[in-house]
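Encoded as structure tokens, the structure appears first; notes follow it.
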Amino acid sequence: MSKPLKQIHLAAHFPGVNNTTVWSDPEAGSHIEFSSFAHFARTAERAKFDFLFLAEGLRLREQGGKIYDLDVVGRPDTFTVLAALAAVTERIGLTGTINSTFNEPYEVARQFASLDHLSDGRAAWNVVTSWDAFTGENFRRGGFLKQEDRYSRAQQFLQTTQELFDSWDGGEILADQESGQFLRDPEAGRFEHHDQHFDIAGRFNVPRSPQGRPVIFQAGDSEEGREFAASTADAIFSRHSTLDAGRAFYTDVKGRLPRYGRGRDELLILPAATFVLGDTDAEAVEQAREVRRAQVSGQTAIKFLEQLWNRDLSSYDPDGPLPEIDPDLGEHTIARGRASVRMFRDPLATAREWREKAAAKHLSIRDLVIETTSRQTFVGSPATVAETINEFVQTDASDGFILVPHITPKGLDAFADTVVPLLQERGVFRSEYAGSTLRDHLGLAQPGRDGAAAERVAS
């Protein structure tokens with residue numbers, strides 16, 4: 001008996017503060033004007049995607065003491081953008097990245113409950129932590145938390161917000177105009193939470209929202225991140241984009257669910273994925289090469305190399321060889337606010353590895369950076385890309401993908417017009433939305449006040 005086809009989940013990531021966004025392309029638009037966000041969201045909704053995803057940066061990145069303006073600089077407040085998008089869309093989910101290190105549970109719970117009401121049940125929260133004191137300087141607490149403390153705070157933060165969401169059960173509002181009685185339960189919204197991170201008590205002032213709680217996303221590949229996702233998240237935003245790595249990650253994270261009394265379908269695994277489409281596979285490969293060279297300009301290549309070398313390398317030719325000097329192992333970091341600097345745990349070993357690769361393949365600095373940094377996940381004709389995406393999902397390398405186009409705001413248009421119809425023809429992607437909330441789209445149950453799931457809905 002053949003295994004039933006899995007339904008693919010697709011989402012759209014509004015690209016932003018990173019060098020995958022080719023903001024210098026003539027087709028690129030604003031990253032702050034509302035028209036860009038509206039076009040992107042409407043395209044994703046036209047294609048029947050599950051949700052729109054907004055990342056967030058809490059401080060402008062710097063390099064050598066100057067703002068790093070090779071990437072897009074600046075982004076409007078996430079809640080403001082999502083609330084505005086709720087008014088110009090009807091079905092697509094609205095997912096925002098909100099930090100648990102520097103915010104407070106009450107204000108975040110209030111904002112997400114409000115967004116869920118305004119959107120009729122389409123809100124989702126990507127729970128993240130912040131790792132560096134540089135970002136913390138923007139906030140009243142400053143500093144940073146050790147990794148174990150960050151996840152401890154994040155877990156208590158999420159638990160506290162869930163208690164706030166659950167302080168209303170949804171049946172309190174009577175609003176009887178004849179009797180003048182508004183609430184059935186005078187205790188509505190009462191909460192009290194005390195732990196090592198939060199000591200709060202009072203009344204939550206937003207009634208229970210259509211989804212009860214927003215859908216919870218988590219992004220993280222560490223051991224702590226995987227465990228956090230398995231215990232509390234509805235979906236995990238991963239970076240594994242090859243079949244083998246995807247299958248290993250999928251098996252590992254799904255295997256953690258039973259210890260929390262959860263089934264395999266209660267956590268979706270959705271890697272980020274970039275794409276380049278062409279009329280033929282060969283044309284797409286050539287376009288992908290051009291896109292990578294646009295993403296990694298000569299300036300960008302030197303700046304990226306500086307992040308490993310921890311030195312000013314502005315005198316080096318990006319089309320020339322790697323520096324003969326070794327990376328500076330001093331405590332001062334030339335690049336501030338970039339997560340990439342954490343990848344270089346042993347700069348000397350990484351430099352040796354890069355020199356060997358450059359020598360073996362006769363690579364310049366720019367060629368090496370292109371070789372060693374992220375590349376497009378899906379490259380080919382629409383038929384090839386549709387087939388590849390389906391293979392990933394049907395063989396349990398993922399449950400779908402969060403697509404990150406390199407052009408804003410029209411970079412998703414071609415995918416919506418060419419790849420989505422092919423997935424629909426295969427019967428692995430919806431032609432119409434079956435429900436109205438994001439939980440409906442994702443096939444996730446409505447949570448009860450005690451955290452128990454209601455009957456699972458169809459995706």
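The values are calculated or read from the model by the stated rules, or taken from the named source; none is laboratory data. This structure is a prediction, so every number in the text was calculated from the model and none was measured. Every residue, glycine among them, receives a Cβ derived from its backbone with ideal geometry; neighbour counts consider all protein chains shown. Just the protein is used for accessible areas: all its heavy atoms, side chains included, with ligands, DNA and RNA removed. Shrake-Rupley method; radii C 1.70, N 1.55, O 1.52, S 1.80 Å.
Take the conditions at pLDDT 95 or above and more than 20 Å from the chain's Cα centre (by Cα) and apply them to Arg264. Does it pass?
Spelling it out, it is not the case that Arg264 is at pLDDT 95 or above and more than 20 Å from the chain's Cα centre (by Cα).
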Review point. For region 230-247, what are the residues that are open to solvent by 20 Å² or more (accessible area, probe 1.4 Å), closer than 20 Å to Asn390 by Cβ and part of a helix (DSSP H, G or I)?
Key: Leu243, Asp244, Ala245, Arg247
Check your understanding: Can you tell me which residues in region 1-20 are open to solvent by 30 Å² or more (accessible area, probe 1.4 Å), out of contact with any Ser or Thr (no Cβ under 6 Å at 6 or more places or on another chain) and farther than 30 Å from Leu305 by Cα?
Key -> Met1, Ser2, Lys3, Pro4, Leu5, Lys6
Review point. How about region 402-449: which of its residues are in contact with a helix residue (DSSP H, G or I) (Cβ under 7 Å, 6 or more places away or on another chain) and β-branched (Val, Ile, Thr)?
Key: Thr408, Thr418, Val419, Val428
Review point. Is it the case that region 133-145 has a residue that's under 18 Å from the mean Cα position of the chain (by Cα) and either free of Cβ contacts under 8 Å to residues at least 12 places away in the same chain or surrounded by fewer than 21 Cβ atoms within 10 Å (Cβ to Cβ) (or both)?
Key: no
**Study point:** Residue under evaluation Trp23, criteria (1) in contact with a strand residue (DSSP E or B) (Cβ under 8 Å, 6 or more places away or on another chain); (2) crowded, with 18+ Cβ neighbours inside 10 Å, criterion not met
**Key:** (1)
Study note, to complete from the structure: In region 409-436, anything β-branched (Val, Ile, Thr), open to solvent by less than 10 Å² (accessible area, probe 1.4 Å) and outside any loop (DSSP other than H, G, I, E, B) is listed as Val419, Val420
Point to revise | Filter result (in contact (Cβ under 8 Å) with a residue 40 or more places away in the chain, open to solvent by 60 Å² or more (accessible area, probe 1.4 Å) and outside any helix (DSSP H, G or I)) within region 149-188 | key: Asp169
Check your understanding: If the Cβ limit is 7 Å and pairs must be 6+ apart or interchain, which residue in region 1-29 that is acidic (Asp, Glu) pairs with which residue that is open to solvent by 100 Å² or more (accessible area, probe 1.4 Å) and at pLDDT 80 or above?
Key -> Glu27/Lys410
Review point. Would it be correct to say that Glu45 is open to solvent by less than 80 Å² (accessible area, probe 1.4 Å), in a loop (DSSP other than H, G, I, E, B) and among the acidic types (Asp, Glu)?
Key: no
Study note, to complete from the structure: Leu257 vs (1) surrounded by 15 or more Cβ atoms within 10 Å (Cβ to Cβ); (2) without any contact (Cβ under 8 Å) to a residue 40 or more places away in the chain; (3) over 26 Å from the mean Cα position of the chain (by Cα): all pass except (3)
Review point. Which members of region 267-286 meet the condition of being over 18 Å from the mean Cα position of the chain (by Cα) and among the small types (Gly, Ala, Ser)?
Key: Gly278, Ala282, Ala284
Check your understanding: Which of the residues spanning region 365-408 are open to solvent by 10 Å² or more (accessible area, probe 1.4 Å), closer than 19 Å to Thr20 by Cβ and assigned to a loop (DSSP other than H, G, I, E, B)?
Key -> Thr373, Ser374, Arg375, Gln376, Thr377, Val404, His406, Ile407
Revision key, fill the gap. A careful count of residues in region 265-293 that are part of a helix (DSSP H, G or I), hydrophobic (A, V, I, L, M, F, W, C) and surrounded by 16 or more Cβ atoms within 10 Å (Cβ to Cβ) gives 3
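Tally time: how many residues in region 1-36 are outside any loop (DSSP other than H, G, I, E, B) and over 27 Å from Thr373 (Cβ atoms)?
2
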